[in-house]
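Everything on this sheet refers to the single structure shown next.
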Amino acid sequence: MTGGLLCRDRDEFCVWPIVGKKLVRMYVEDTTHYLLDNSSSSDREWKSLFPGDGLVRFGNTSDTYLPSMFHQLRCLDILRLGVVLHADNSTSDTKNREGCSPLELHCLNYLRQIVLCNADLHLYPVGGGPRDYVCRDWGAVYTALYQNQEKYSH
């Protein structure tokens, strides 16, 4: 482990081992936050999910990393913006024949792969309401992100 980063091989994959085994409960339900609209308040709320673009650095290198959790949240925001622009009947020169930008297609594919990789098997009754969900402690991830960004902001 170097500077808080655990890597098998520089060319393979690295993990940021900060969460540990602590679990937290999330009550999964609809919310009045993170809306699908084009308002500045929605933009701020979504951007708050990945402070500093969710980027971290380690050791004495200039290597920058995007932890998967923040990559996923950024992709959700990109898809939100695509839906909002589509709903506003906006057009873009970067749209392909499917009506999506290359970045939107990347995010759809990336999120599909992450869902498969995580293979979450929590069971929900069909037509059921909100439920408690047991999750890794995402608060610890945000704490570590802020500490990392503060350390390397100089």
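The values are calculated or read from the model by the stated rules, or taken from the named source; none is laboratory data. In this text the structure is predicted, and so the values were computed from the model without any measurement. Cβ coordinates were reconstructed from backbone atoms using ideal geometry, including for glycine residues, and neighbour counts include every protein chain displayed.
Is it the case that some residue within the stretch 114-128 is at negative phi, modelled with pLDDT of 90 or more and either surrounded by 12 or more Cβ atoms within 10 Å (Cβ to Cβ) or not hydrophobic (A, V, I, L, M, F, W, C) (or both)?
yes
Would you point out the residue of the stretch 107-147, among those that are more than 20 Å from LYS21 (Cβ to Cβ) and among the charged types (D, E, K, R), that is farthest from the chain's Cα centre (by Cα)?
Ranking the candidates gives ARG131 first.
In this structure, is LEU81 surrounded by fewer than 16 Cβ atoms within 10 Å (Cβ to Cβ), part of a helix (DSSP H, G or I) and either modelled with pLDDT of 85 or more or of a type in the set (Phe, Trp, Tyr) (or both)? First the steps, then the outcome.
On the way: surrounded by fewer than 16 Cβ atoms within 10 Å (Cβ to Cβ): no; part of a helix (DSSP H, G or I): yes; either modelled with pLDDT of 85 or more or of a type in the set (Phe, Trp, Tyr) (or both): yes.
When the stated conditions are applied, LEU81 does not pass them.
So that you can scan it fast, the table gives a plain yes or no per residue for (1) in a strand (DSSP E or B); (2) closer than 21 Å to TYR146 by Cβ; (3) at pLDDT below 85:
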residue	(1), (2), (3)
LEU6	yes, yes, yes
ARG10	no, no, yes
VAL19	no, yes, yes
VAL24	yes, yes, no
TYR27	yes, no, no
THR32	no, no, no
LEU35	no, no, no
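Among (1) closer than 27 Å to PHE13 by Cα; (2) surrounded by 13 or more Cβ atoms within 10 Å (Cβ to Cβ); (3) of a type in the set (Asp, Glu), where does GLU45 come up short?
Evaluating GLU45 over (1) closer than 27 Å to PHE13 by Cα; (2) surrounded by 13 or more Cβ atoms within 10 Å (Cβ to Cβ); (3) of a type in the set (Asp, Glu) leaves (1) as the failure.
From GLU150, GLU104, grab the single residue that is at pLDDT 90 or above, loosely packed, with under 13 Cβ neighbours inside 10 Å and either under 14 Å from the mean Cα position of the chain (by Cα) or not aliphatic (A, V, I, L, M) (or both). Please lay out each step first, then the result.
On the way: GLU104 fails: loosely packed, with under 13 Cβ neighbours inside 10 Å.
Selected residue: GLU150, the only one of GLU150, GLU104 that is at pLDDT 90 or above, loosely packed, with under 13 Cβ neighbours inside 10 Å and either under 14 Å from the mean Cα position of the chain (by Cα) or not aliphatic (A, V, I, L, M) (or both).
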